[in-house]
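Here the structure is laid out as structure tokens; the discussion comes afterwards.
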Amino acid sequence: MSTLKRCHNISDLRRLARRRLPSPFFHYLDGGSDDERSLARNTAAFDDYELMPNYLVDISKIDLKTTVLGRTIEMPFFCSPTGMSRLFHHEAEPAVARAAAKFGTYYSLSTLATTRLERISEVCTGPKMFQIYILKDRELTREFVQRCKDARFDALCLTVDSVIAGNRERDKRTGMTMKPRFTLRSLASFAAHPGWWLQLIRHHDFRLANLTHRDTVMSDAHTSVIEYVNSQYDRTLNWNDVAWLVEQWGGPFAIKGLQSVQDAQRAVDVGASAIMISNHGGRQLETSPAPVDCVARIRDAVGDRIELIVDGGIRRGTHVIKALALGANACSIGRAYLYGLAAGGQAGVEHALGLLRAEVERGMALLGCPSVDRLTRECVSRRK
Ligand SMILES: Cc1cc2nc3c(=O)[nH]c(=O)nc-3n(C[C@H](O)[C@H](O)[C@H](O)COP(=O)(O)O)c2cc1C
């Protein structure tokens, strides 16, 4: 914990995560696609906006609450779905779910998690969302919907930007590929992290926990669950399929990965409750726009007919404030909490969430804005 205490912001946590993790896992967490332009731009784009303070406002109480996907959350950001958390720390997904619940905000569990969704339901006392894919095997998707209903998940989020995988060159270099082929350098990095190995031996289950029961349906051609899932991504996916899933679920429903105004309008038409404006943290289509740059345009086009969540590049409280002022209802974070997880398990995630919450609170006080609903376009302007 003492090392965590020396982390004063998310980039300190990133440095600590880098020290703690074998390099193939760090680069899998940290990297993006191609030349990583979208990855870099996601965060840099926030610098194109300035916050305009108004003073002599009562800021004795700052109200960070907002409502998304049918639940009021205690702070205006939450944890995005990320797969394979056990690679980063043996406490894995339950650590993030417990930390999010402590902060009164959403935890999102990925289909590609290393913890069963029923287990998350047991440990997560706060709002929870399941990130789903529409797979070729619609029966499997239907089964997920039923399991989420039985496990009392609050919301479903459909990721649409990953029907094929982005080109992650860092993973190719380290050997962190579908069938790992670690390089000598990667193996040396594993050898240099004995603590990580010790935990690996004690908590070695890296399976995609929500899919292992499907072992029986894998043909000879599919030698692993990951290959099975990859073979299951449906390239024919379209808006009719989304309408089908909205109906199957019948509850709060987000579409994750949209960026264009046209798609946002279709999301409204199909009956979604929220759009997660996202480019998958710069891990999919290289040079797709930074999510923060899409917010105002989409908000102007859809009005109040749908909730908007900004996901990508958030490393500072002021980033959250800017996204909300431009029209988002909430933000979500991926790497920021994963750095915390890698740096110190649940305590590390709590540290990341605590740092960001304090930054949002301080930023709103300095801005002269005592509540989230008072963050409007007047608070933010594009730098000339
Ligand atoms: C290691 C890692 C794994 C991810 N796995 C998933 C996933 O399984 N499903 C999904 O919809 N998004 C996944 N994402 C994307 C995140 O949900 C989110 O869109 C992204 O991390 C936001 O950008 P940020 O990391 O800059 O905050 C993953 C991201 C990372 C970094």
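Placing R0 at 35 angstrom, the Cβ-Cβ distance between Arg377 and Ser162 gives a FRET efficiency of 0.65 after rounding to 0.05. Out of every Cα-Cα pair that the chain contains, those further apart than 35 angstrom amount to 21 percent. The Cβ shell under 14 Å around Ala192 holds other residues with a net charge of +4, Lys and Arg each +1, Asp and Glu each -1. When you filter the trypsin sites (Lys or Arg not before Pro) in region 232-325 for DSSP loop state and at most 13 other Cβ atoms inside 10 Å of their Cβ, you are left with Arg235, Arg305. Shape analysis of region 58-149 places it in the prolate category; the axes a ≥ b ≥ c from the Cα gyration tensor give an a/c of at least 1.5, with a/b above b/c.
Note on Ile59 and Arg37: their simple-model spin labels are 3.8 nm apart, each label 7 Å out from Cα toward Cβ.
What does the net charge come to around Thr72 if you take all other residues with beta carbon closer than 14 Å to its beta carbon, with K and R at +1 and D and E at -1? The partial results should precede the final answer.
Numbers: positive: Lys65, Arg71; negative: Asp63, Glu74, Asp154, Glu307, Asp373.
That works out to -3.
If you bin all the Cα-Cα distances of region 118-183 at 5 Å, starting from zero, the percentages per bin are 4, 14, 18, 15, 12, 14, 15, 8, 1. Note that region 317-383, at 37 °C in a medium of 0.692 mPa s, gets a Stokes-Einstein diffusion coefficient of 259 µm²/s from its Kirkwood radius over C-alpha pairs. What is the distance in Å between the Cα centroid of region 337-356 and that of region 299-334? One Cα centre to the other: 21 Å. Within region 287-309, list the residues whose amide N lies under 12 Å from a label point set 7 Å along Cα→Cβ of Leu237. Within reach of a label on Leu237: no residues. Mean residue ellipticity, 222 nm, helices only, the chain: the sum of -39500 (n - 2.57) across DSSP H runs of n ≥ 4, divided by residue count and rounded to 500, is -13000 deg cm²/dmol.
Listed values for region 85-91 are Karplus-derived 3J(HN,Hα) couplings in whole Hz (6.51 cos²θ - 1.76 cosθ + 1.60, θ = phi - 60°), namely 4, 5, 5, 9, 6, 5, 6, and x replaces Gly and Pro.
Once backbone amide H atoms are built at 1.01 Å from N, Phe77 has Cys331 as its partners under 5 Å, excluding neighbours fewer than 5 places away on the same chain. Between Tyr49 and residues 5 or more places away or on another chain, which pairs have amide H atoms under 5 Å apart, with H built 1.01 Å from N, and which residues are they? Here the answer is Arg383, since their amide H atoms fall under 5 Å of that of Tyr49. The orientation-averaged shadow of the Cα convex hull for region 263-384, equal to a quarter of the hull surface, comes to 8.8 nm².
No value in this document is a laboratory result; all are computed from the given coordinates. On a predicted model such as this, the values are computed, not experimentally measured, just so you know. Note: ideal-geometry Cβ built from the backbone for every residue, glycine included; neighbour counts use all protein chains shown.
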